[in-house]
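Everything below concerns the one structure shown next.
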Amino acid sequence: MRILYGVQGTGNGHITRARKMSRALADVGLEVDYLFTGRQSDAYFDMLPFGEYRTKSGLTFNSSNGEVNPVRTLFNSQPRQLWRDIKELNIKDYDLVLNDFEPVSAWAAKKHNVPSIGLSHQNAFRYQVPKQGYHFGNALLMKYYAPTQLPIGVHWYHFGFPILPPIVEILTTDVQIENKILVYLPFESLSKVVDLLRRFSTHEFYCYHPDAKDMDVENVRLRKLCRVGFQADLENCSGVIANGGFELPSEAMQMGKKMLLKPLTGQFEQQSNVATLEMMGIATKMNGLEQSEIAAWLPTESAGKVRFPDVAKALALWLKNDRQDNFQHLVDRLWQATVFPENVLDQLPEQSLNKSASLAWDIALRD
């Protein structure tokens with residue numbers, strides 16, 4: 001089986017998930033080519049796992065000062081270039097398109113009737129999971145931005161639907177430096193972030209940002225984007241200050257890191273993510289870059305570690321076996337292997353998996 005894996009490159013979360021999947025797919029012997037869209041080709045980093053990957057323009061969302069900028073997003077969109085990229089993408093030699101919210105490969109697969117599977121956090125919002133700031137326009141975006149024949153969603157809980165646990169590195173660490181905080185606020189002004197963090201001299205903040213260079217500003221350790229360094233600092237920090245993405249909180253919660261999260265204004269996915277983590281008792285919401293909110297959060301304790309199974313390996317084997325295994329069995333097995341702390345488990349709704357929804361999914365799969 002030859003697979004084209006299309007990955008949204010706007011943020012680093014989709015790429016992080018694809019890195020984990022790339023190793024699992026290689027381990028089971030599947031032949032995979034990678035396509036990334038959403039940022040300039042020279043802005044990607046730590047891409048060795050993807051071999052001779054390709055890039056195209058695609059579509060992206062523009063933001064500034066912690067908010068989605070709809071005017072700039074519309075102005076910077078290039079619909080003609082997007083249509084050319086879709087038309088020119090050679091997709092007929094592939095048996096399957098695996099897609100992580102990436103529009104070029106999704107629409108090319110649809111155009112040429114190539115089987116496609118969507119694997120993304122966005123697909124979880126097709127179900128009745130917690131949502132905040134969600135409206136009809138968001139529903140259209142989820143449906144048409146990167147359409148696939150079989151959309152698979154990943155989330156921190158199933159909420160009764162055939163959704164998979166997060167795809168994360170299986171890391172366990174008990175090393176924790178109490179006054180070390182990892183900061184990743186790429187959509188915020190770097191100068192404002194540094195000015196705020198300098199006020200907390202009792203802590204050291206390791207701040208990764210697209211505009212940063214490796215240097216220290218008093219108690220703030222500025223770091224340019226680097227996957228290896230970022231992962232090392234995540235493993236031994238005591239807490240994380242970040243926006244409301246999906247992958248970083250997934251990694252942090254399995255290592256038992258406390259979290260203070262500021263969702264990107266105007267981005268329903270991030271707002272919904274933070275609301276979900278608040279409901280689970282795993283993270284604290286930060287409404288703005290406010291000194292009082294950080295001061296109140298720093299002394300708090302972690303909710304504990306959430307143990308996720310190796311979802312990437314299970315999915316790779318499922319694909320290797322040509323998706324013959326019942327998808328409901330895969331969902332059941334992976335959630336049974338997920339372990340929540342008791343205090344988190346108490347916050348979760350007592351919902352069994354919706355067998356009728358899973359049955360409909362499996363019928364679509366067989367067709």
Charge dipole (the chain, unit charges on Cβ, about Cα centre) - positive-most of Ala124, Val306, Gly288 = Ala124
Under a 10 Å cutoff between Cα atoms, tell me which one of Asn138, Asn243, Asn99 has the largest fluctuation in the Gaussian network model of the chain.
-> Asn138
Dipole magnitude (debye, nearest 20) for the chain, charges at Cβ of Lys, Arg, Asp, Glu = 920 debye
Expressed in nanometres to one decimal, the distance between label points 7 Å along Cα→Cβ at Ile177 and Lys213 is 2.3 nm
Ignoring ligands, DNA and RNA, how do Asp95, Asp33 rank by accessible area with a 1.4 Å probe, largest first?
-> Asp95, Asp33
Per-residue SASA entry for Asp346, accessible area with 1.4 Å probe, Å² rounded to 10 | 110 Å²
Region 197-244: relative contact order as a whole-number percent, Cα under 8 Å and 6+ apart = 30 percent
Put +1 on the Cβ of each Lys and Arg and -1 on the Cβ of each Asp and Glu in the chain; which of Leu260, Gln270, Tyr208 then has its Cα farthest toward the positive end of the dipole?
-> Gln270
Accessible-area order for Thr10, Thr148, largest to smallest, probe 1.4 angstrom, reads Thr10, Thr148
Relative contact order in percent for region 95-158 (Cα pairs under 8 Å, 6+ apart) equals 42 percent
Which one, [x] 144, 52, 34; [y] 59, 46, 40; [z] 80, 44, 33, gives Cα extents along the principal axes in Å as derived from the coordinates shown?
-> [y]
Solvent-accessible surface (1.4 angstrom probe) belonging to Tyr145, in square angstrom, nearest 10 | 20 Å²
Accessible-area value, Thr265, 1.4 Å probe, nucleic acids and ligands omitted, Å² | 60 Å²
Determine, from the Cβ-Cβ distance of Gln231 and Lys111 and an R0 of 25 Å, the FRET efficiency 1/(1 + (r/R0)^6), rounded to the nearest 0.05.
-> 0.10
Span from the region 266-313 Cα centroid across to the region 141-171 one, whole angstrom = 19 Å
To the nearest Å², the heavy-atom accessible area per residue of the chain with 1.4 Å probe amounts to 45 Å²
Given the options Ala106, Ala316, Ala295, which has the most mean-square fluctuation in a GNM of the chain, springs set between C-alpha atoms less than 10 angstrom apart?
-> Ala295
Counting only protein heavy atoms, what percent of the accessible surface of the chain is carbon or sulfur at a 1.4 Å probe?
-> 50 percent
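The values are calculated or read from the model by the stated rules, or taken from the named source; none is laboratory data. Everything numeric in this text was worked out from a predicted model, so none of it was measured. Reconstructed Cβ throughout: ideal geometry from the backbone, glycine too, with neighbour counts over all protein chains shown. Accessible surface is based on the protein model in full, side chains and every heavy atom, while ligands, DNA and RNA are left aside. Shrake-Rupley method; radii C 1.70, N 1.55, O 1.52, S 1.80 Å.
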